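Read through the structure below, which is laid out as structure tokens, and then see the notes.
The values are calculated or read from the model by the stated rules, or taken from the named source; none is laboratory data. Keep in mind that this is a model prediction, so the values were computed, not measured. Cβ coordinates were reconstructed from backbone atoms using ideal geometry, including for glycine residues, and neighbour counts include every protein chain displayed. The protein model used for the area step is the full one, side chains on, heavy atoms only, and it has no ligands, DNA or RNA in it. Shrake-Rupley method; radii C 1.70, N 1.55, O 1.52, S 1.80 Å.
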Amino acid sequence: APSPGGVFAARVGGEEETAAADGPGRVREVHSAWQGLLELRRMTNPDGATERPCGWERSHLVQAAALALEAAGHRPAGPDGDGYRVRATPQPEAVAVYGPDAGALHACAATLERAGWQAGEYTEPRTRTRYLLASPRRV
């Protein structure tokens with residue numbers, strides 16, 4: 001949803017206000033943001049590659065992963081918790097992606113890999129919750 005300053009922000013999942021953020025206007029904003037990110041990749045990667053994440057994505061991991069997921073049509077979790085959630089991790093250059101079930105996690109992994117990320121599925125030792133650990137590819 002837009003930030004208080006009116007700037008676009010990718011939905012990371014778990015936001016309280018999502019009803020107003022859904023609809024054709026949001027779809028256009030997400031598409032425009034994704035196209036802008038691809039252009040940023042083209043302009044900033046030394047070889048002009050758009051299939052590999054750029055420096056901005058590496059410094060904004062949660063937002064970049066969430067944008068890739070939202071642009072591909074995945075549904076972010078709302079207050080009810082159904083959908084993806086992207087969270088920061090203590091591991092450098094990695095985010096955790098949680099989904100409502102194994103199928104959703106596999107779909108998120110495939111989307112992130114197409115967007116230039118590498119993703120592996122893991123289980124939290126204490127809660128046994130499955131999640132993806134994803135990081136932007138370098139080569």
Being at pLDDT 90 or above and surrounded by 17 or more Cβ atoms within 10 Å (Cβ to Cβ) is true for just one of 70, 39. Which residue is that?
70
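When you look at residue 86, is it within 24 Å of residue 45 (Cα to Cα) and either within 16 Å of the chain's Cα centre (by Cα) or at pLDDT below 95 (or both), yes or no?
When the stated conditions are applied, residue 86 does not pass them.
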Select from the stretch 7-29 the residues that are touching a helix residue (DSSP H, G or I) at 6+ places or on another chain (Cβ under 8 Å) and either at pLDDT 95 or above or of a type in the set (D, E, K, R) (or both) and write down the one among them that is nearest to residue 68 (Cα to Cα).
11
In the stretch 44-60, what residues are open to solvent by 30 Å² or more (accessible area, probe 1.4 Å) and either in contact (Cβ under 8 Å) with a residue 12 or more places away in the chain or within 8 Å of the chain's Cα centre (by Cα) (or both)?
44, 50, 51, 52, 56, 58
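Of all the strands (runs of 3 or more DSSP E) wholly in the stretch 81-139, which have at least 3 residues that are more than 22 Å from residue 50 (Cβ to Cβ) and open to solvent by 70 Å² or more (accessible area, probe 1.4 Å)?
Where strands (runs of 3 or more DSSP E) fall fully within the stretch 81-139 and carry at least 3 residues being more than 22 Å from residue 50 (Cβ to Cβ) and open to solvent by 70 Å² or more (accessible area, probe 1.4 Å), they are 85-88.
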Kindly indicate whether residue 65 is outside any loop (DSSP other than H, G, I, E, B), open to solvent by less than 40 Å² (accessible area, probe 1.4 Å) and touching a residue at least 60 places away in the same chain (Cβ under 8 Å).
yes
